[in-house]
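The values are calculated or read from the model by the stated rules, or taken from the named source; none is laboratory data. All of these numbers come straight from a predicted model, not from anything done at the bench. Glycine also receives a Cβ, built like all others from the backbone with ideal geometry; neighbour counts cover every protein chain displayed.
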Amino acid sequence: MASMPSSMSPPIYNGENYHIWAVKMKAFLRGLGLWQYVEEEKQPFPLGPNPTLNQIIMHEEEMTKSPITLSMIHQAVTDAVFTKIVSCETAKEAWDRLKEDSLGNERSRQMNVLNLRREFEVLKMKEAETVKEYADRVLKVVNQIRLMGETLSNQRVVEKILVTVPERYEAKISSLEDSKDFSELTLSEVLNALKAQDQRRALRQEDSTEQALSMRVQDKNWTDYGSKKQFFG
């Protein structure tokens, strides 16, 4: 097992945002070489006859890893959450208890996934939205689906964005598809290209606003000048 730096501590779960905590905690345990004791509830191989001293030491180390993993999970939850897993005797049992408490049973989870997929399918960019705002909405749903353990490919996300943006992006999308095969387009390439168009559009609107304001000021100056000229005869 990799040694843990003194400044390193597990992410804390307080009963909210389980999906985020689970991803962080999984990475934390993997970094320590302990995730397999959650995923597989791994048990050390029994010692054979006449083991060497080195085999005995390694076996004893392996025997401690499962309880260490459970202890890590204990440290990663608040006292209020700990009461839900206090009776769990293995790391896998504690992990599954927290997962079910947050996501419900398998039937509930599947219903949540189904609702999220429906929400994903009906998403559409609004006229007043920027690409960034729309992409943030799409990726929020996508990440929720993936955190549920479901697969949603980047290519499907790219396709979703390309077919649901307004017509003003049609020329940019055509140029993207001409430059590269559709299946090879990455999400970052598509978003960067569409965001660049948003920026150019914003600059044009800004220039138009400045010109209109300048014209208004000039008109006012001429009006003031005419009034003064009339006054002074």
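Which residues, taken from region 127-155, are exposed (fewer than 14 other Cβ atoms within 10 Å of the Cβ) and either more than 16 Å from residue 188 (Cα to Cα) or more than 16 Å from the chain's Cα centre (by Cα) (or both)?
Correct list: 127, 128, 149, 151.
Here is a list: 136, 178, 96. Which entry is closer than 30 Å to residue 70 by Cα and not small (Gly, Ala, Ser)?
Working: 136 fails: closer than 30 Å to residue 70 by Cα; 178 fails: closer than 30 Å to residue 70 by Cα.
One residue alone meets the criteria, 96.
Looking at region 127-142 only, could you name the residues that are outside any helix (DSSP H, G or I) and in contact with a helix residue (DSSP H, G or I) (Cβ under 7 Å, 6 or more places away or on another chain)?
Within region 127-142, the first condition is being outside any helix (DSSP H, G or I), and the residues that meet it are 127-130.
The one that is outside any helix (DSSP H, G or I) and in contact with a helix residue (DSSP H, G or I) (Cβ under 7 Å, 6 or more places away or on another chain): 130.
Of all residues in region 101-126, how many are outside any loop (DSSP other than H, G, I, E, B) and under 21 Å from the mean Cα position of the chain (by Cα)? Please lay out each step first, then the result.
Taking region 101-126 first, the residues outside any loop (DSSP other than H, G, I, E, B) are 101-103, 106-122.
Checking the rest, the ones that are also under 21 Å from the mean Cα position of the chain (by Cα) come to 102-103, 109-122.
Within region 101-126, residues that are outside any loop (DSSP other than H, G, I, E, B) and under 21 Å from the mean Cα position of the chain (by Cα) number 16.
Go through region 31-46 and count every residue that is at pLDDT 70 or above and either part of a loop (DSSP other than H, G, I, E, B) or among the aliphatic types (A, V, I, L, M) (or both). Full working, then the answer.
Here is the first cut: in region 31-46, the ones at pLDDT 70 or above are 31-40.
Keeping just the survivors that are either part of a loop (DSSP other than H, G, I, E, B) or among the aliphatic types (A, V, I, L, M) (or both) gives 32-35, 38, 40.
Matching residues across region 31-46 total 6.
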